[in-house]
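The values are calculated or read from the model by the stated rules, or taken from the named source; none is laboratory data. In this text, all values refer to a predicted model and were calculated from it rather than measured experimentally. Neighbour counts are summed over all protein chains in view; Cβ atoms, including those assigned to glycine, are modelled from backbone coordinates with ideal geometry. Please note that ligands, DNA and RNA were not included when accessible areas were found on the heavy atoms of the full protein model with its side chains. Shrake-Rupley method; radii C 1.70, N 1.55, O 1.52, S 1.80 Å.
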Amino acid sequence: MTENADDRLIVPGSTILILFLTLLVVIPVATWRMSRGLASPLVEVVTLVQGEDHFRGRWKIGKYEYLIGQEQDGASSRDSVRLTIRESGQSDSISSSTTDRDGTIESVMFLDPDGDRFNAAVVAIRRPDENATLQLLLYNFTSSGDPASGEWSDMTRIPPHLAIGYYGHDSIERQSEMVVRTFPIYREDDGKLQATGQTRSLIWNFSTGRWRPDPRK
């Protein structure tokens, strides 16, 4: 069968040019709007006082201020961390909550894991043990956009199959909207002096409330 050249679809060059220009404009705009939707609101450090045995900070995020500091109860020898949320410029708090801590607050990070434009706080506490292990506490809203609905949860525990070779010396950082935890792997004959294994990287799964292997490693 012989193909008739007149039956072939011919697209004018002007149409191709218009399509190309449309894609040239639409794709960057869509990407920009998507990135704005995924990014956390800007976190502004208002005050931060940190030392070997004390920590107190205030951060402004949107219209809210987060106040996080160490609390000590000498009568009960109970150490805790307190988080208070209030509207910027106001002295009355919307919510205030404490939870037990085991060590000194080392760092605080904010991120928006569920994309509701309201930040969760991750508090990293360095324990006073020989392996310098981390206690990790998460404060997040149980009701989207309601700062009075926050509650604490514990991110410290590593699943047993991922904790093989773990003897502390871990670090934590925020990468985009992920919380990444890394630590050296100790082999059986290393003792606890120096790790000769590789470094393990874990990512916190906010849906399941568990650490999982970092697929990028």
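Within the range 163-182, can one find any residue that is within 23 Å of S93 (Cβ to Cβ) and open to solvent by 10 Å² or more (accessible area, probe 1.4 Å)?
no
With the checklist (1) in contact with a strand residue (DSSP E or B) (Cβ under 7 Å, 6 or more places away or on another chain); (2) under 23 Å from R101 (Cβ atoms) in hand, flag the one item N131 doesn't pass.
Among (1) in contact with a strand residue (DSSP E or B) (Cβ under 7 Å, 6 or more places away or on another chain); (2) under 23 Å from R101 (Cβ atoms), the lone unmet condition for N131 is (1).
Restricting attention to the range 180-198, does a residue exist that is over 20 Å from V43 (Cβ atoms), in contact with a Lys or Arg (Cβ under 6 Å, 6 or more places away or on another chain) and β-branched (V, I, T)?
So far as the range 180-198 goes, yes, one or more of its residues are over 20 Å from V43 (Cβ atoms), in contact with a Lys or Arg (Cβ under 6 Å, 6 or more places away or on another chain) and β-branched (V, I, T).
For the range 112-155, which residues satisfy the criterion of being surrounded by 15 or more Cβ atoms within 10 Å (Cβ to Cβ) and among the β-branched types (V, I, T)?
Result: V122, V123, I125, T133.
Do the conditions hold for S80, that is, is it of a type in the set (G, A, S) and modelled with pLDDT of 80 or more? Steps first, answer last, please.
Numbers: of a type in the set (G, A, S): yes; modelled with pLDDT of 80 or more: yes.
Spelling it out, S80 is indeed of a type in the set (G, A, S) and modelled with pLDDT of 80 or more.
Within the bounds of the range 94-105, is there any residue that is open to solvent by 50 Å² or more (accessible area, probe 1.4 Å) and over 19 Å from W152 (Cα atoms)?
no
Only residues in the range 155-169 that are more than 10 Å from L134 (Cβ to Cβ) count as the first member; pair them with residues that are open to solvent by 90 Å² or more (accessible area, probe 1.4 Å) and at pLDDT below 95, Cβ under 8 angstrom, at least 6 apart or cross-chain, and list the lot.
G165/R187; Y167/K192
Within the range 183-212, work out how many residues are at pLDDT 85 or above, loosely packed, with under 14 Cβ neighbours inside 10 Å and either farther than 25 Å from L137 by Cβ or not charged (D, E, K, R) (or both).
6
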